[in-house]
1. Any residue in the stretch 10-25 that is outside any loop (DSSP other than H, G, I, E, B), within 19 Å of the chain's Cα centre (by Cα) and at pLDDT 95 or above?
2. Restricting to the stretch 157-170, name every residue that is farther than 12 Å from A259 by Cβ and open to solvent by less than 60 Å² (accessible area, probe 1.4 Å).
3. How many of the residues making up the stretch 347-367 are under 18 Å from N496 (Cβ atoms) and surrounded by fewer than 15 Cβ atoms within 10 Å (Cβ to Cβ)?
4. Touching a Ser or Thr at 6+ places or on another chain (Cβ under 8 Å) and open to solvent by less than 50 Å² (accessible area, probe 1.4 Å): is that true of G32 in this structure?
5. From the set of residues in the stretch 280-302 that are among the hydrophobic types (A, V, I, L, M, F, W, C), open to solvent by 10 Å² or more (accessible area, probe 1.4 Å) and not in a loop (DSSP other than H, G, I, E, B), which is nearest to G242 (Cα to Cα)?
6. Only one of these conditions is not met by E206: (1) outside any strand (DSSP E or B); (2) touching a residue at least 12 places away in the same chain (Cβ under 8 Å); (3) surrounded by fewer than 24 Cβ atoms within 10 Å (Cβ to Cβ). Which number is it?
7. Look through the stretch 209-255, keep the residues that are of a type in the set (D, E, K, R) and open to solvent by 20 Å² or more (accessible area, probe 1.4 Å), and return whichever of them is nearest to T326 (Cα to Cα).
Amino acid sequence: MEQALYVYNTLTRQKEVFKPLHAPHVGMYVCGPTVYGDAHLGHARPAITFDIIFRFLKHLGYKVRYVRNITDVGHLEHDADEGEDKIAKKARLEELEPMEVAQYYTNRFHDAMAALGCLPPSIEPHATGHIIEQIQLVKEILANGFAYESNGSIYFDVEAYNKEHQYGILSGRSLENTKDASRELAGVGEKKNQADFALWKAAQPEHIMRWPSPWSDGFPGWHCECTAMGRKYLGSHFDIHGGGMDLVFPHHECEIAQAVASQGDPMVKYWIHNNMITINGQKMGKSLGNFITLPQFFSGDHPQLERAYSPMTIRFFILQAHYRSTVDFSNEALQAAEKGLERLMDAWKTLGQITPSNGQATIGAATVAELEQHCYDAMCDDFNTPIVISNLFEASRIINSIADKKETISAEALEALRKFFSLWVFDLLGLKATNTDGANEAREEAFGHVVDMLLEQRMKAKQNKDWATSDLIRDQLTALGFEVKDTKDGFTWKLNK
């Protein structure tokens, strides 16, 4: 496909043509979770967003190295470089080793991502495995005059940096605004000014997670890990850095400053950020205590959930909105997503039962080609998955029309339609049919035979003009949630959830 791909770059605040630095190779770094609790719906969104980008770039022929980190040290309770390490605090409360906590929730995160249909990244580095690289980064920033030592901790000197470069280039904040926003934060005492951030923190006696460094026994600042690991695995200049919009400031802003302060220029060409999942209009997050974890969605075990929702329903719910728009959680929205997903899966099932027309067909290969082009146009316009889904719904309408004998399709178009549907639904959107294990399939098949037998009895009753029995069977099936349609060849049915 010869078509330009446009991506929205947070750094320039506009859509730009995607031109990799070293085509066909693409380097993509995405901020992963801090593993001190189960992943929630807010974590699912970047995972699914960048999974879609990963899939589509590979489909276009790029060789993508996708790096997504695991934060297992350095993320303190407060962005002002104060408070307890989030993982160490969880370990203290549960009387575990910090690495037990990190490993447990890393495993749980992987399980949730697999359930959501997210492909694993090419590399998944851990912050604790790259302390040496982070110390080296701090040394470079110190040597270039953009950091200072204070009581064994090293802080980035934002004021010194801002004299030669621009701090706030990503978020649009000025240094003065940053100082104002930081004025009430605790722990400013050992910093030169409020906006400075920790590159290395000296560990207090009670701090479990600590490593030796030239300055103190301590641990790296939260922002260091991504700069150090991104450079290690993708080089000093790479194509895409992604994450949630809540990371623009301070995390990604500080990453840019660290890169420029250490090597003289920025590392990242395109900054891509997904918007937030909200609940009653407020960002869903652990720090706000208003989150619902992914295992809770899958089990339905949460007071705000009316029932359980499958991982594919969650994925479809997220893909129905453009990644840069907010998505508000509600049971109604999830149930609508469930019906939309079911509509696609029903169409795929029906597609396998359709036979081509022997004569003149109303649906030809050109119709399918047009649908496919619309999908490429949407994805090449900053990964617009809602438009892709609307075209898949149009394909579903066509499939159902053919099945209902309202339209006919040529053999060439039928083969193209099957390839198109399979590529876009399963390979690129990453959706899959649920309940596909053998036991469920056997139960569903037996269940279907029973319904068919009942409807065959209804047909015989109609032939015998036994309208009372015919109506009784139909009415009882309708009451149980079945939708029955009479056709020229007999009947069709489906179970509405």
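The values are calculated or read from the model by the stated rules, or taken from the named source; none is laboratory data. Since the model is a prediction, treat every value here as computed from it, not as a measurement. Neighbour counts run over all protein chains shown; Cβ positions are idealised from the backbone, glycine included. Remember, those area values only see protein heavy atoms, side chains included, never the ligands or the DNA or RNA. Shrake-Rupley method; radii C 1.70, N 1.55, O 1.52, S 1.80 Å.
1. Pass one, the stretch 10-25, residues outside any loop (DSSP other than H, G, I, E, B): 14-17, 22, 25.
From what is left, the residues that are within 19 Å of the chain's Cα centre (by Cα) are none.
The answer is no; no qualifying residue exists.
2. Hits for the stretch 157-170 are D157, V158, A160, N162, Y167, G168.
3. If we filter the stretch 347-367 for residues that are under 18 Å from N496 (Cβ atoms), which is where we start, we get 347-350.
Next, only the ones that are surrounded by fewer than 15 Cβ atoms within 10 Å (Cβ to Cβ) stay: 349.
Number satisfying all stated conditions: 1.
4. Values: touching a Ser or Thr at 6+ places or on another chain (Cβ under 8 Å): yes; open to solvent by less than 50 Å² (accessible area, probe 1.4 Å): yes.
Yes; evaluated as a whole, the condition is true for this residue.
5. L288
6. Here E206 clears every test but (2).
7. Among those residues, the one meeting the criterion is D246.
Condition check ((1) touching a residue at least 12 places away in the same chain (Cβ under 8 Å); (2) touching an Asp or Glu at 6+ places or on another chain (Cβ under 6 Å); (3) under 15 Å from L170 (Cβ atoms); (4) assigned to a helix (DSSP H, G or I)) across all residues:
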site: W222; (1), (2), (3), (4): yes, no, no, no
site: E225; (1), (2), (3), (4): yes, no, no, yes
site: K232; (1), (2), (3), (4): yes, yes, no, yes
site: G242; (1), (2), (3), (4): yes, no, yes, no
site: L247; (1), (2), (3), (4): yes, no, yes, yes
site: H252; (1), (2), (3), (4): yes, no, yes, yes
site: E255; (1), (2), (3), (4): yes, no, yes, yes
site: A259; (1), (2), (3), (4): yes, no, yes, yes
site: W271; (1), (2), (3), (4): yes, no, yes, no
